[in-house]
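The values are calculated or read from the model by the stated rules, or taken from the named source; none is laboratory data. What you see is a predicted model; the values in this text were computed from it and never measured. All Cβ positions, glycine included, derive from the backbone under ideal geometry; neighbour counts span all protein chains shown.
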Amino acid sequence: MAENSIQIAGEFRLETCKVLTTSGLTLDIRDITRSISVFENIYSECISGTITVADTTDVVNNGPIIGEEKLLLKLVTPQTNRTTDTTIDYTKTPLLLYKIGTQTGDGEKANIITFHFTSQEAYYNSTSLISKSYNGKCSEILKKILRDERYLRSSKKLRVEETSGSKKIVFPNLKPFQAIKLLSRQSKSKNFGGSPSYLFYETTKGYHYRSVDGLCSQKSVLSYAETTPDSINDRSGQKDILLNLQSISSYTVNTPRDIVGNTYNGMYSSKHTIHDLYNKSVSTRTYNYHKDFDKDTHLNAQPLASQSIDQITTKGISDYSNTINFVTITSSGKAFDENSNYTFGSDNLGQIISRRHSRLRQLQNGISLNIEVPGNTFIQAGDTIDITIGASSTVTDRKNDPNLSGKFLITNIRHDFVEDKETKHTMLMTVIKDSTINQYPNGTVSYENKTKPEEITL
């Protein structure tokens with residue numbers, strides 16, 4: 001096989017692992033590295049990770065390594081039939097080694113040391129403030145903040161979903177990541193029905209500024225099935241390797257959906273009251289999860305909850321708009337009227353805030369799994385994958401589970417690279433879906449309490 005062809009699932013190569021010290025030394029720690037973990041999360045502005053080394057030459061003190069170093073790191077997953085990027089490469093954009101963790105002995109005259117690293121943008125964010133106004137599309141303002149040498153100084157690849165409308169936004173002494181978070185609350189996608197649910201995050205492939213609807217609309221990059229990787233014994237054929245790569249070693253179901261909590265927090269319904277000081281008016285908008293479901297792009301076809309009607313109140317779960325009330329004070333006609341550069345118009349406010357709130361809740365409180373699969377650097381947080389639970393030959397007594405199967409969004413990944421007694425790359429992924437394959441039955445919920453309530457007077 002060619003050098004870059006995969007032979008077993010979970011195979012990887014550690015090509016570069018160097019520390020650039022503040023004294024000007026370059027320390028190659030590849031040969032003493034035992035394990036590397038890399039973390040990605042769609043709710044985190046930077047990747048992070050750890051490196052564990054067996055320090056037999058006292059490299060920490062001889063460097064010295066004090067937690068202000070740059071880390072050059074390159075890991076490669078050999079290719080299957082893909083021509084896409086299968087490399088984690090931080091040799092051109094070094095990481096920041098910012099912390100030295102625990103140090104213990106292993107009985108072999110070696111100190112086991114854990115180094116913590118993150119993106120350099122995390123450091124630049126901590127050292128700068130933005131006190132500035134911007135005009136233009138939110139997606140263009142995002143680019144300026146990310147690239148500006150006064151702020152984040154990032155030269156990494158950026159995948160940005162274009163926003164609609166022109167804004168005038170003032171950032172009053174905010175950290176760059178705080179400014180971007182504020183920006184995301186005011187962003188509406190040019191596509192996907194004006195989706196207001198933007199996220200800013202980093203993966204090993206670069207930065208992303210995308211709406212939840214944009215993420216849900218993606219084609220799945222891979223399909224995974226509940227099976228046992230060890231059951232695939234023949235490693236000589238390409239097909240067997242691919243099947244192994246797409247196998248779920250183990251999974252757990254995260255905390256089940258909380259119907260009371262989701263109702264209380266406005267996932268299914270909410271009200272938004274807007275006080276317009278300029279026009280001296282009050283307007284109200286309501287959000288209804290079931291009525292507005294088709295306005296958003298979802299991972300699967302059906303809502304996460306039924307719309308059964310309570311016999312007494314004649315209301316469904318999405319009809320209680322008083323569960324949460326957002327109040328906004330605005331002055332719609334005066335501030336930016338000359339150039340039509342509104343932060344928000346009052347009509348937009350009613351459409352955006354409640355919808356964004358519910359959309360993010362759906363993504364956070366949907367059907368969620370933790371799965372362990374063979375490692376593959378092609379996969380990144382923010383990708384969508386297809387999962388089939390109950391489909392393997394080891395499970396013959398039931399059909400596919402419609403609740404635990406379907407299209408899922410990867411919210412976070414932990415890449416574990418182990419170079420000790422065996423070389424192995426595994427991924428622990430949290431995946432979630434904001435919708436289901438099959439529709440839940442709707443009906444009428446009735447309950448007659450014929451028992452006279454007991455009353456006690458003290």
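Taking the stated definitions as given, is T377 among the hydroxyl-bearing types (S, T, Y), modelled with pLDDT of 85 or more, assigned to a loop (DSSP other than H, G, I, E, B) and under 15 Å from L222 (Cα atoms)? Spell out how you get there, then give the answer.
On the way: among the hydroxyl-bearing types (S, T, Y): yes; modelled with pLDDT of 85 or more: yes; assigned to a loop (DSSP other than H, G, I, E, B): yes; under 15 Å from L222 (Cα atoms): yes.
Here the answer is yes, as T377 does meet what is asked.
From K399, K421, K407, which residue is farther than 30 Å from I88 by Cα and either modelled with pLDDT of 80 or more or outside any strand (DSSP E or B) (or both)?
K399
Do the conditions hold for Y268, that is, is it more than 23 Å from S405 (Cβ to Cβ), buried (at least 18 other Cβ atoms within 10 Å of the Cβ) and either in contact with a strand residue (DSSP E or B) (Cβ under 8 Å, 6 or more places away or on another chain) or at pLDDT 85 or above (or both)?
yes
Looking at (1) free of Cβ contacts under 8 Å to residues at least 60 places away in the same chain; (2) touching a strand residue (DSSP E or B) at 6+ places or on another chain (Cβ under 7 Å); (3) farther than 24 Å from I42 by Cα, find the lone condition where I130 falls short.
Of everything listed in (1) free of Cβ contacts under 8 Å to residues at least 60 places away in the same chain; (2) touching a strand residue (DSSP E or B) at 6+ places or on another chain (Cβ under 7 Å); (3) farther than 24 Å from I42 by Cα, I130 misses just condition (3).
Looking at Y268, Y287, Y264, which is the one that is within 28 Å of T330 (Cβ to Cβ) and touching a Lys or Arg at 6+ places or on another chain (Cβ under 7 Å)?
Y287
What single numbered condition from (1) modelled with pLDDT of 95 or more; (2) buried (at least 21 other Cβ atoms within 10 Å of the Cβ); (3) hydrophobic (A, V, I, L, M, F, W, C) fails to hold for I113?
(1)
Of the conditions (1) of a type outside the set (D, E); (2) within 30 Å of the chain's Cα centre (by Cα); (3) over 30 Å from F200 (Cα atoms), L25 fails just one. Which one is it?
Looking at each condition in turn, L25 falls short on (2).
Failed condition for D55, given (1) crowded, with 16+ Cβ neighbours inside 10 Å; (2) among the charged types (D, E, K, R); (3) modelled with pLDDT of 90 or more, with all others met?
(3)
Looking at (1) touching a strand residue (DSSP E or B) at 6+ places or on another chain (Cβ under 7 Å); (2) modelled with pLDDT under 75; (3) over 28 Å from E15 (Cα atoms), find the lone condition where S435 falls short.
With (1) touching a strand residue (DSSP E or B) at 6+ places or on another chain (Cβ under 7 Å); (2) modelled with pLDDT under 75; (3) over 28 Å from E15 (Cα atoms) applied to S435, the lone miss is (2).
Any chance the range 295-304 includes a residue that's of a type in the set (G, A, S) and either at pLDDT below 85 or closer than 30 Å to F39 by Cα (or both)?
For the range 295-304, residues of a type in the set (G, A, S) and either at pLDDT below 85 or closer than 30 Å to F39 by Cα (or both): absent.
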